[in-house]
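Each value in this text was obtained by applying a stated rule to the coordinates, not by laboratory testing. Just so you know, these numbers come straight off a predicted model, no measurement behind them. For neighbour counting, all protein chains shown are included, and Cβ atoms are generated from backbone atoms with ideal geometry for every residue, glycine included.
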Amino acid sequence: MNRILFLLSISSWLTLSCSSPSDSVSTANDEEPSAETATTSAESDWTMLFDGSSMDAWRNFKSDTSAWRIEDGALNTTGGSGDLITKETYENFELEFDWRITEGGNSGVIYLSQEDDQYNSTFETGPEYQLIDDESYGTVHNIELEKNQMSGANYALNEPQDVQLKPLGEYNQGKIVVDNGHVEHWLNGRKVVEYDLWTDEWNTRVAETKFKDMPDYGKSKSGHIALQDHGDPIWFKNIRIRKL
C-alpha cells in the first residue's frame, strides 16, 4: 500500500513539473507583445499622403481639382500651378516629406492653413516651413536672404539652427511636428526650429513681421497642409502623416 501511494505521488509530481513551464510561457506570450508586433502597430499609425502614384489626398487651394503633376514618382510643379492642399484638415500631427528644389528656387510647406472666403492664399493663416536654395537664391534674385528665410525656418519668425542641406538636386528630408501648439521643424534628421504658438512671445514675433497685417495668421488650431507654388520648380515625395 505504501509503495502504491509513493508511486502515485511521483506520478503527480512529474505531471506538474512537465506542465508548468509550458503554461508559464503561454501566459508570458499573451501579456508581452513581440517587438515585431509593436513595430507593425507603430507603422500602421501613419497615413500616406503621397505614395508616388496617387494624388487622391490633394487638391488645389479653393478648387476641386489639382494643377500639379506626378513626375518620376514625385509631386511636381514648374510654377503657375497654385498651392496644393490636403483635402483633410489636421490638428496635432507629425508630417514627414522629402523635397528637392531647383537652383534659385523657393517654396514651402504651410500648415494649419484655412480656406475661408476671406483668404486669398494659404500663407495668410498658416505658418510656413521654408524650402529654398540657400546658396544661390540671393544671387539669382539679387537680394540678401535673412536667416529666418532659409531652409527649415519658420518663415520670417524663427531662424533654423544646425542646418545641413544635401547638395542641390538631391532630396532632403523634412519633418514638422505640431502638438498642442508646440511646433518642431526637422531637416535631415536634425531639429532646426522649435517654438510655441499662441504665446506672448509668438504674438510679439508676429507683430514684427508682415503677418501683423493678417489678423488670423497663426491662430488656427487645425487646418490644411499646403505645398506652396512660389513660381519655381519643386518636387515632393514620400509624404506621410500620423495624428498625435
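Below are the figures for this structure:
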quantity	calculated
Relative exposure of Asp134, Asp216, Asp72, judged by other C-beta atoms within 10 Å (fewest first)	Asp72, Asp216, Asp134
Selected from Met150, Gln164, Gly181, residue furthest toward positive end of dipole (region 130-207; charges at beta carbon)	Gln164
Rel. contact order, % - alpha carbon contacts under 8 angstrom, at least six apart, region 99-157	34
Positive dipole terminus of region 50-243, leading residue within Phe211, Phe50, Ile110 (C-beta point charges)	Phe50
Average projection area in nm² (convex hull over Cα atoms of region 50-243, one quarter of hull surface)	10.1
Distance violations [Cα-Cα > 27 Å] among Lys210/Lys237; Lys147/Lys219; Lys191/Lys237; Lys87/Lys166; Lys191/Lys219	Lys210/Lys237; Lys87/Lys166
16 Å cut-off, amide nitrogen to a point 7 angstrom out along Lys166 Cα→Cβ, residues in region 59-80	71-76
